[in-house]
Each structure stands twice: as structure tokens, then as C-alpha cells.
Amino acid sequence: MGGRLEQLTGPLAATALSADATVIVPIGAIEQHGPHLPLSVDWIIADEVAQAVVERVGSELPVWLLPTMPFSKSNEHAWSSGTIWLSQDTMMRVLDDIGRCVAESGAKRIVFLNGHGGNSTLLNVVCRELRLAYGLLTFLVHPFVPPAYAPPDPDAANSAELGMGIHGGLDETSVMLHLRPDDVDMSKAVRNVPEWMNEHDHVKFGGSVQFGWLSNDFGGDGHIGDPTGATAERGAQLFEDSVSFIIEQLRDIVGFDFRPQS
């Protein structure tokens, strides 16, 4: 009933992409993640989660997976060599083209599975624009909830990362130890938590005020968090929880539609 879209022939795709079909577009990034992680973190996590999701529910749900986009809006890391990022205009245009093709192919729903928190605001705009332009039902999901969307954590002040492990910290490093252990250098993992932000009630990660930032605003290491306690076991559990949660979300998404007003 579902699977990897690129493996279909044209005639099979014409049949598969009916009004009941949901197309999943995973989006990652190629950007610095500190001295201990590769540039590919967000791409790998988005790609692996998306593949696991479709492998588990492809026989149950009409969900069709597109190849993971490796580049996205990562210019908060533009200062670092190796970061490859798209401008907001380019990314909007690329996603508009993808949405147009999905709509013209006959599918009614498109889901962006976003592995890079810096894309979140733009992808919300894209969802609205594709809804307006092509009549698609549009959705945005994440393997991990971005800080701006996360509810306040009452235990954050007592955690090793003070609720600020947002980029290359404990969780991302743990997931990479699970998925790509050979690409992680724990001998270079160091704590980089901007403790001074806890002096603010609202302007902070997870606070009520969102703010513009660059990753080198928090020092030259590039990551934000404390990866020193990362383990593959923690990463395996986080990965499993993420896949299971997105499957729950997809079951809701494939049955969602707006009801006509009486």
C-alpha cells in the first residue's frame, strides 16, 4: 500500500498516488555539529527515521516516501566550513515545486518530516502556501520537537544541559552513536551550555520569546549542549520513541480532512 516512491514505475505511481495517498518529504541538513559529530547529523536522522517509519507501516498505510533532501536553511551555521545551506527563497521555491508535482500526480496529502530545527518556521509558511496554491493537505512533523515548540520543562534547571541541549548535545549525539557510531568522536565531546541564558525568564531556548541566533553566538565549538554523557543505548531508545510517535501521527494524518461547513 505504501513504500519508496522512487522505486515505482510511472504507471504504478499513477495508480499509487491517488487522493488517499500521503507523500512524505524528509528534510535534513549538511551543517556543523561541533567537533565531535559529522556534518550529516540532521540528514542521517531524518533519513533513518523516515525509512524506519515507512518500512513499518508501508503495508498498512498509503504513505509514499521521497528521497531525503540533504540541504536546507542552515545559515545559522554559515560561519563554519562545510555547512551547505539554501536561502529561504531557494528553499521555498524548491518545496513549492515539489508540492506542485505531488498535487499534479494526484496525491492529496504531503508531510514534511523535518530533521533540522532551523527549518521549522519556514516549513510552517510552506505548509500554508501549498495549501493555498494547490489545495494539498499539508503537515509538518519532527523526529525531535524543536526548542521553540517544546513546552516548558520544569526539570530543565536541574538537568546537565539546563534544557538547552539543542544542537549536537546529549540526545543528538546519543542517536548518532546508535545510528553511525564510527562517525562520532567522543574524545572531542565537550560541554558547551550557555548557562547565562538561565538568568532570563522568557528570552531563552524553550522560553516564551523566540529570538534570532547564530550557533557561534555561543562560542567557537559550534554545538549547544552537553554530549559527554551520550550513549548508544539512550540513542536507540530515542530513535525508537521517535519512529513510534511519527507512526502515531501518520495514522492521524492519513484520515484527516477538513469538514465542509453546513
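The values are calculated or read from the model by the stated rules, or taken from the named source; none is laboratory data. Just so you know, these numbers come straight off a predicted model, no measurement behind them. Counting neighbours? That spans all protein chains shown, and the Cβs are built from the backbone with ideal geometry, glycine included.
When residues in the range 17-55 are screened for being surrounded by fewer than 21 Cβ atoms within 10 Å (Cβ to Cβ) and either of a type in the set (Gly, Ala, Ser) or modelled with pLDDT under 95 (or both), 4 of them pass. Filtering Val125, Val145, Val111 for residues that are surrounded by fewer than 21 Cβ atoms within 10 Å (Cβ to Cβ) and either modelled with pLDDT of 95 or more or small (Gly, Ala, Ser) (or both) leaves a single hit, Val125.
So that you can scan it fast, the table gives a plain yes or no per residue for (1) of a type in the set (S, T, N, Q); (2) touching a residue at least 24 places away in the same chain (Cβ under 8 Å):
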site	(1), (2)
His202	no, no
Phe205	no, yes
Leu214	no, yes
Gly225	no, yes
Thr228	yes, yes
Arg234	no, yes
Ile253	no, yes
Phe256	no, yes
Arg259	no, no
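Per the listing Val49, Val25, the residue uniquely touching a Leu at 6+ places or on another chain (Cβ under 8 Å), over 28 Å from Met186 (Cβ atoms) and not in a loop (DSSP other than H, G, I, E, B) is Val25.
Let's see how each residue does on (1) among the aromatic types (Phe, Trp, Tyr); (2) over 30 Å from Ala19 (Cβ atoms):
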| residue | (1), (2) |
| --- | --- |
| Lys204 | no, yes |
| Glu233 | no, yes |
| Val243 | no, no |
| Asp252 | no, no |
| Phe258 | yes, no |
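Of all residues in the range 30-47, those satisfying the criterion of being farther than 12 Å from Leu113 by Cα and under 16 Å from the mean Cα position of the chain (by Cα) are Ile30, Glu31, Gln32, His33, Leu39, Ser40, Val41, Ile44. Of note, Ala133 satisfies the criterion of being touching a Gly at 6+ places or on another chain (Cβ under 8 Å) and either surrounded by fewer than 16 Cβ atoms within 10 Å (Cβ to Cβ) or free of Cβ contacts under 8 Å to residues at least 24 places away in the same chain (or both).
Looking across the range 199-220 at every residue that is exposed (fewer than 15 other Cβ atoms within 10 Å of the Cβ) and in a helix (DSSP H, G or I), the one that is farthest from the chain's Cα centre (by Cα) is identified as Glu199. Scan the range 133-146 and give yes if some residue there is aliphatic (A, V, I, L, M) and in a loop (DSSP other than H, G, I, E, B), otherwise no. Among the residues of the range 133-146, at least one is aliphatic (A, V, I, L, M) and in a loop (DSSP other than H, G, I, E, B), which makes the answer yes.
Within the range 60-95, the only residue that satisfies the criterion of being surrounded by 20 or more Cβ atoms within 10 Å (Cβ to Cβ), assigned to a loop (DSSP other than H, G, I, E, B) and among the small types (Gly, Ala, Ser) is Ser74.
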